[in-house]
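Read the structure below first, then the notes.
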Amino acid sequence: MEKEETKLVLFLKSIGISGRYKGFYYLKEAVFLVLQDEHCLCKVQENIYRPIAERNHVSLSSVARAIRTVCLTASTNETQLRKFLPNYSFHGTLYPKELIELAADYVRYH
């Protein structure tokens, strides 16, 4: 797990998402939930946001908002994203589900 976490942190920081964002920590938790069970992506609010919110004693909407914020940050770093994910077709904005899945796939396959 430590190797996976290191890989994930390097990926996130490389695309402009750092520890100064709450969403950085929530996104890390979300990615590890998906690594445990990829079907979590079918119901993001119920299977990802809710457990994170409960663990961190915040509202579900706070988790969703924090992850949306880091998605916007990552979207502005398209050049870096292309370096890490050359085969991905970018369309301007990264959505939370998309970024969670991309980060999980990066950790899983690289």
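Tabulated results
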quantity	calculated
Exclusive hit being buried (at least 16 other Cβ atoms within 10 Å of the Cβ), of a type outside the set (Asp, Glu) and part of a helix (DSSP H, G or I), set 28, 13	28
Flag for residue 66 being buried (at least 17 other Cβ atoms within 10 Å of the Cβ), out of contact with any Leu (no Cβ under 7 Å at 6 or more places or on another chain) and either free of Cβ contacts under 8 Å to residues at least 60 places away in the same chain or of a type in the set (D, E, K, R) (or both)	yes
Matching option when the condition is farther than 22 Å from residue 13 by Cα and under 12 Å from the mean Cα position of the chain (by Cα), among 41, 33	41
Subset of the stretch 26-60 (residues that are in contact (Cβ under 8 Å) with a residue 24 or more places away in the chain and among the hydroxyl-bearing types (Ser, Thr, Tyr))	26
The stretch 76-99, residues that are among the hydroxyl-bearing types (Ser, Thr, Tyr) and either touching a residue at least 24 places away in the same chain (Cβ under 8 Å) or closer than 23 Å to residue 32 by Cα (or both)	76, 88, 93, 95
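Rule-based calculations on the coordinates, nothing more; no lab input. The model shown is predicted, which means the values in this text are computed figures rather than measured ones. For neighbour counting, all protein chains shown are included, and Cβ atoms are generated from backbone atoms with ideal geometry for every residue, glycine included.
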